[in-house]
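Here the structure is laid out as structure tokens; the discussion comes afterwards.
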């Protein structure tokens with residue numbers, strides 16, 4: 001287990017995911033703004049596809065690390081919230097968002113690529129893409145927010 005780089009008890013991978021979610025959130029919102037307000041659909045597509053690939057690789061690396069290399073519970077034991085089960089409860093809330101979010105976002109990306117004609121989606125698909133895109137955005141934001149709350153409670157407090 002590599003030690004973390006943030007001033008907390010988290011491992012390197014826990015710290016990396018915590019910081020990466022800040023970047024992912026900002027880039028995701030920028031991508032949406034590019035499409036919504038700037039009509040920069042090519043940049044939106046490129047950024048969303050890049051984020052999807054990077055997040056897929058990051059989630060795989062994170063899961064391998066947490067399952068085989070990092071004993072996150074040992075790192076969280078000094079937290080005043082660990083003994084009272086708050087850490088476990090917050091992890092459960094986080095997982096309620098974190099588990100379905102890649103599938104939701106994956107569907108949005110797959111359907112968008114399938115329905116694109118040149119750069120913009122077809123008129124029939126446009127409304128559906130907006131709804132699912134908003135749903136995926138909320139899911140990703142809630143994954144990030146609940147992840148940060150869990151990280152603070154388990155590894156900072």
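Numerical summary
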{"quantity": "Rel. contact order, % - alpha carbon contacts under 8 angstrom, at least six apart, the range 1-132", "calculated": "20"}
{"quantity": "Over the range 1-81 - Rg/Rh using Cα atoms and the Kirkwood inverse-distance radius", "calculated": "1.13"}
{"quantity": "Ranked list, fewest to most other Cβ atoms within 10 Å of each Cβ, for 31, 79", "calculated": "79, 31"}
{"quantity": "The chain, helix-only ellipticity at 222 nm - DSSP H runs n ≥ 4, -39,500 (n - 2.57), divided by all residues, nearest 500", "calculated": "-25500 deg cm²/dmol"}
{"quantity": "Residue with peak Gaussian network fluctuation, the chain [Cα springs, cutoff 10 Å], from 97, 12, 37", "calculated": "37"}
{"quantity": "Cα long-axis angle, helix 41-68 against the chain (0 to 90 degrees, to the nearest 10)", "calculated": "30"}
{"quantity": "Förster-model FRET efficiency, 25 Å R0, residue 71 and residue 23, C-beta, rounded to 0.05", "calculated": "0.40"}
{"quantity": "Cα-based Kirkwood hydrodynamic radius, the chain, one decimal, Å", "calculated": "16.8"}
{"quantity": "Residues 141, 75, 56, sorted so that the one with the fewest Cβ neighbours within 10 Å comes first", "calculated": "56, 141, 75"}
{"quantity": "Label point distance in nm, residue 1-residue 57, each placed 7 Å from Cα along Cα→Cβ", "calculated": "2.6"}
{"quantity": "Fewest-first ranking of 152, 131, using other Cβ atoms within 10 Å as the exposure measure", "calculated": "131, 152"}
{"quantity": "Most mobile listed residue (35, 123, 139) in the chain, GNM with C-alpha springs under 10 Å", "calculated": "123"}
{"quantity": "Normalised per residue, the volume of the convex hull around the Cα set of the range 68-157 (Å³)", "calculated": "107"}
{"quantity": "Spin-label model distance (nm) - residue 99 vs residue 86, 7 Å beyond Cα toward Cβ", "calculated": "2.5"}
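A short reminder: the numbers here are calculations on the coordinates, not readings from a lab. Because the structure is predicted, anything quoted here is derived from the model rather than measured. In this analysis, Cβ positions are derived from the backbone assuming ideal geometry, glycine residues included, and neighbour counts consider all displayed protein chains.
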